[in-house]
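Just below is one structure, and these are the notes that go with it.
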Amino acid sequence: MDQLTKLLEKGQIDLKGQQLAEKIYTFTLFISGALSILVSIYFNEIMYSFYGLGIGLAVSWVLVIPPWPCFNKNPLNWLPVQSVGAAATSASASASKKSQVPEEEDDDDEKAAGGVKQTTVEDVDDDN
Amino acid sequence: MYNVLQRISSVTSFGLSALMAMMFAISIITINMSNNPDISVKLHDIKITKGRPDYFDKTSRNAEFARLTFDIDADLSSMFNWNTKQLFAYITVDYPTAKKKNNNVVIWDRIITKKQRSTLRMRKHHNKYLFRDIGLKLRDVEGAKLTFRVNSVPYFGIMQDQVLDSYDITMPQI
């Protein structure tokens, strides 16, 4: 069961890919539904419309569910991981790159890191 | 939409919504497809007898029962379209009495499930079900009508009850 949930949580795609996937399955299912109604009108057989929609659902499964490479073309650029404990060395080095984080907080972190022992600061970080 | 499980869920739920929309569209498209069935019912005679022993229904000793003899020629094949599951064809006698304004008694019916069996040709057929009135008397009834109705049952959509033909009949006075 754990393995199954791990398997199902795999295959992550980026935000643009999610948008694209939604467009693809909406289009596929809409077109297959409309086409299958036309086919069943032509052949005078009602079950054809259900077979048609079932085929459309299977096709959209194949198109959307696996994490195809086209869904991962625009990966998100996350900020680099910073550990509060090692702020004195690494954070000051990368402080110039961080545009979103205000500088004052950085200063506070550095002061806290300087004042308190390293182990306690790491505990606070885990709780957060 | 982030991982495989979420994508399975959203695609399948949208597929089921599409299924519902498709069924709704089918029921709208086929709601009034053209049909022009040929019906003719010819009534030969009505016989009324009184009394019929029934252990469970004591009133049936005093009630009057009518026995109809009729011919049916019907071609209902044009009522079948691709969304028709079956046709329920039935004949009712509609008549007013002093107590009740509107009485409909079903005297014959048939379920037609295939287009190949939708042509009916019956000669001197009797009513399939008992025909009696709740007020026991049938002799004084005036203004009775023999009505051929068809209820077409679709796979998806609403059932439509149609009066296809109606004939005035006179009950025997004696």
Any chance B:R132 is farther than 22 Å from B:D161 by Cβ and either polar (S, T, N, Q) or exposed (fewer than 12 other Cβ atoms within 10 Å of the Cβ) (or both): no
Check on B:I112, open to solvent by less than 20 Å² (accessible area, probe 1.4 Å) and more than 14 Å from every other protein chain (Cβ to nearest Cβ): yes
Unique residue being within 30 Å of B:I29 (Cβ to Cβ) and not assigned by TED's automatic domain parsing to the domain that holds B:M23 when the list is B:T97, B:T113: B:T113
Hits in the range B:36-72 (condition: assigned to a loop (DSSP other than H, G, I, E, B) and either in contact (Cβ under 8 Å) with a residue 60 or more places away in the chain or open to solvent by 100 Å² or more (accessible area, probe 1.4 Å) (or both)): B:N36, B:P37, B:R52, B:P53, B:Y55, B:F56, B:N62, B:A63
Hits in the range A:42-73 - residues which are assigned to a helix (DSSP H, G or I), under 15 Å from B:T30 (Cβ atoms) and facing chain B (nearest Cβ under 7 Å): A:S49
Looking only at the range A:8-35, and only at residues there that are assigned to a helix (DSSP H, G or I), of a type in the set (G, A, S) and within 7 Å of chain B (Cβ to nearest Cβ), the one that is nearest to A:I65 (Cα to Cα): A:A21
Residue within the range B:84-95 that is assigned to a loop (DSSP other than H, G, I, E, B), in contact (Cβ under 8 Å) with a residue 12 or more places away in the chain and surrounded by 15 or more Cβ atoms within 10 Å (Cβ to Cβ) present: no
Positions within the range B:144-174 being closer than 16 Å to B:K42 by Cα and in a strand (DSSP E or B), in sequence order: B:A144, B:K145, B:L146, B:T147, B:F148, B:R149, B:L164, B:D165, B:S166, B:Y167, B:D168, B:I169
Hits in the range B:102-128 (condition: assigned to a loop (DSSP other than H, G, I, E, B) and touching a residue at least 24 places away in the same chain (Cβ under 8 Å)): B:T113, B:S118, B:N127
Some residue of the range A:13-33 being open to solvent by 50 Å² or more (accessible area, probe 1.4 Å) and among the small types (G, A, S): no
B:N81 being in the same structural domain as B:N151 (by TED's automatic domain parsing), among the polar types (S, T, N, Q), part of a loop (DSSP other than H, G, I, E, B) and open to solvent by 20 Å² or more (accessible area, probe 1.4 Å): yes
Residue in the range B:14-25 that is of a type in the set (F, W, Y) and either within 14 Å of chain A (Cβ to nearest Cβ) or part of a strand (DSSP E or B) (or both) present: yes
Test: residue in the range B:136-143 that is under 30 Å from B:M33 (Cα atoms), in contact (Cβ under 8 Å) with a residue 40 or more places away in the chain and either part of a loop (DSSP other than H, G, I, E, B) or under 17 Å from the mean Cα position of the chain (by Cα) (or both): no
Matching residues in the range B:74-115 - criterion: being closer than 23 Å to A:Y48 by Cα and of a type outside the set (A, V, I, L, M, F, W, C): B:S77, B:S78, B:N81, B:N83, B:T84, B:K85, B:Q86, B:T113, B:K114, B:K115
Given (1) surrounded by 14 or more Cβ atoms within 10 Å (Cβ to Cβ); (2) touching a Pro at 6+ places or on another chain (Cβ under 9 Å), number of the condition B:M171 does not satisfy: (2)
Residues of the range B:137-159 satisfying the condition of being loosely packed, with under 14 Cβ neighbours inside 10 Å and more than 18 Å from B:D94 (Cβ to Cβ): B:I158, B:M159
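The values are calculated or read from the model by the stated rules, or taken from the named source; none is laboratory data. All figures in this text were calculated on a predicted structure; none of them were measured in a lab. Cβ coordinates were reconstructed from backbone atoms using ideal geometry, including for glycine residues, and neighbour counts include every protein chain displayed. Accessible surface areas use protein heavy atoms only, side chains included; no ligands, DNA or RNA. Shrake-Rupley method; radii C 1.70, N 1.55, O 1.52, S 1.80 Å.
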